[in-house]
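Quick notes on the structure that follows.
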Amino acid sequence: MKRLSKAMHPVAAYPETILQIGEGNFMRGFMNWQIQKLNDHTDFKGRAVVVPPRKGSVKALNEQDGLYTLCIQGYHDEQEKNERMIIQSISRGISTYADYEGFLSVAENPDLRFVFSNTTEAGLVFKKEDRLEDRPQASFPGKLTAFLYERFKAFAGDEQKGLIILPCELVEHNGDRLREYVIDMAAEWDLPPAFITWIKEANTFCNTLVDRIVPGFSKEAAEIVQKEDGYIDELLVTSEYYHLFVIEAPAFVQKELPFQKAGLNVLFVEDITPYRMSKVRILNGAHTAMVPIAYSCGLETVKEAVDDEHVGPFIRRMLEEEVLLGLDLPRDELLLYTQSVWDRFCNPFVKHQLLDIALNGVAKFRTRILPSLLDYVEQKKELPMKLVFSLSSLIYFYRAHSEKIKDDETVMGLMMTAWKGENQSNETVAAEILSCEPLWGRNLTDVKDLSHAVAEQLTFIQKHGMRVAVQQMLNHQYESQGEKA
């Protein structure tokens, strides 16, 4: 049986107008699908050059000529639907580790207009150790700065050759932050002042919010494609129907990206803040909180977690009793959104693997859950014990399942170092991990009683197991009482 390629599925010869940093499931199930919609229903007509942010391989992507199948499954317009389409909006993939010069050469393309990215929360960071001469730079902002400098030189600082940059990482003010990091990197490298001026005046960095559940590859769906359509697709992706893309940008960006003309749920707004906080803290916060708890209970998917008699109710009560408190929208509106999120989690067609969500879990916790925990402490002057339990479970997860976890080497090193030593007490482990500012952005031992509560919960989890611990938390029998529960 033949593998999917343009030999069996012809592709329109559209120009490469997009640099996409991020080749993962989410971007292919969200961003590239929307680009396909633009091509199909508007005069946009562009394709993306895809670059992994890390040492990811683009071999499979190039062997399939950038083509892959997207299976959209779930309830839409009040009826069960299951459709699939071949996405053709990727032209090719380039690895900066295997072909850095090829990556830079994309900057010389006069048709290039947009940059989309998703390097996860852990990718949108400033690394002072990056250098212009690195092949490649370690960080995404480092790579982007080098790329923009190459474009600046190639077109002699022409302001018409600036780019529209839309980072899709779930980081507050992601566009503003990326712009700041690029400018700081250019200054760190002592690049010409004219280049820094060009960054500021010729390029547009947009704050964004993305929302779609994209579980990724499905063996079952791939087998159906082989049987019914007669081809092999190693890059098949599944997603839900729901999607939302919120963009904070000047009016001309909306004209150049006519998403709404393509029938897409894309909002151009003046202030993204209320949309972002609700989505990140409720949907993404629930995802991140459930992973270490549910996986340690022997569960593998989000649906299994929400259907579980202990894990599901625990996460739902954590949201309603502790997370919503820190959000500014009316409680009735937030409860409706929470219910809609729960309905999406229960989609029987979406098999979202917990370990996929576990990628860069510490950075995700810092962005998605820690603000809710700190807001609760500030308002209530006490610890939100369910959110604290999610933190304790995360720390336990990094020890108990370290071989299954994918995270930054520095994060893994800091976590593993804290657990070293046979006689290491949980009080010591909790204090060492929580005091580590590189992990959390601050010293969390400053939060009254937090370190002690985490230590007690770790002890309880280790002695009784995660299943008993979450059951006790759910039943209010364990309220930072350790062995007294």
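Quick notes
- Looking only at residues in the stretch 1-31 that are of a type in the set (S, T, N, Q) and not in a loop (DSSP other than H, G, I, E, B), the one that is nearest to Phe140 (Cα to Cα) is Gln20.
- Residue in the stretch 288-297 that is part of a loop (DSSP other than H, G, I, E, B), closer than 20 Å to Ser392 by Cα, assigned by TED's automatic domain parsing to the domain that holds Asn347 and out of contact with any Pro (no Cβ under 6 Å at 6 or more places or on another chain) present: yes
- Residues that are in a loop (DSSP other than H, G, I, E, B), of a type in the set (A, V, I, L, M, F, W, C) and crowded, with 20+ Cβ neighbours inside 10 Å within the stretch 156-172 comprise Leu163, Cys168, Leu170, Val171, listed in sequence order.
- Which listed residue is of a type in the set (Val, Ile, Thr) and touching a strand residue (DSSP E or B) at 6+ places or on another chain (Cβ under 9 Å), from Thr145, Thr96, Thr120: Thr96
- Residue selected from the stretch 46-63 under the condition of a type outside the set (Val, Ile, Thr), closer than 20 Å to Glu101 by Cα and in contact with a Leu (Cβ under 8 Å, 6 or more places away or on another chain), by the criterion surrounded by the most Cβ atoms within 10 Å (Cβ to Cβ): Ala48
- Residue among Leu355, Leu359, Leu334, Leu387 that alone is among the hydrophobic types (A, V, I, L, M, F, W, C) and part of a loop (DSSP other than H, G, I, E, B): Leu359
- Complete set of residues in the stretch 158-176 that are over 25 Å from Leu283 (Cβ atoms) and of a type in the set (A, V, I, L, M, F, W, C): Leu163, Ile164
- Count - residues of the stretch 41-75 that are assigned to a strand (DSSP E or B) and either not hydroxyl-bearing (Ser, Thr, Tyr) or not assigned by TED's automatic domain parsing to the domain that holds Glu23 (or both): 10
- Verdict on Gly66 being over 23 Å from His352 (Cβ atoms) and surrounded by 22 or more Cβ atoms within 10 Å (Cβ to Cβ): yes
- Those residues of the stretch 411-433 which are at pLDDT below 90 and among the β-branched types (Val, Ile, Thr), in sequence order: Thr417
- Residues satisfying the stated conditions in the stretch 173-230, i.e. farther than 21 Å from Met27 by Cβ, surrounded by fewer than 20 Cβ atoms within 10 Å (Cβ to Cβ) and among the small types (Gly, Ala, Ser): Ala187, Ala194, Ala202, Gly230
- Whenever a residue of the stretch 244-262 is closer than 15 Å to Asn207 by Cβ, its partners that are among the acidic types (Asp, Glu) and surrounded by 13 or more Cβ atoms within 10 Å (Cβ to Cβ), lying with C-beta atoms within less than 6 angstrom and at least six residues away or across chains, give the pairs Leu244/Asp211.
The values are calculated or read from the model by the stated rules, or taken from the named source; none is laboratory data. All values derive from a computational prediction rather than experimental measurement. Glycine gets a Cβ as well: all are built from the backbone with ideal geometry, and neighbour counts include every protein chain shown.
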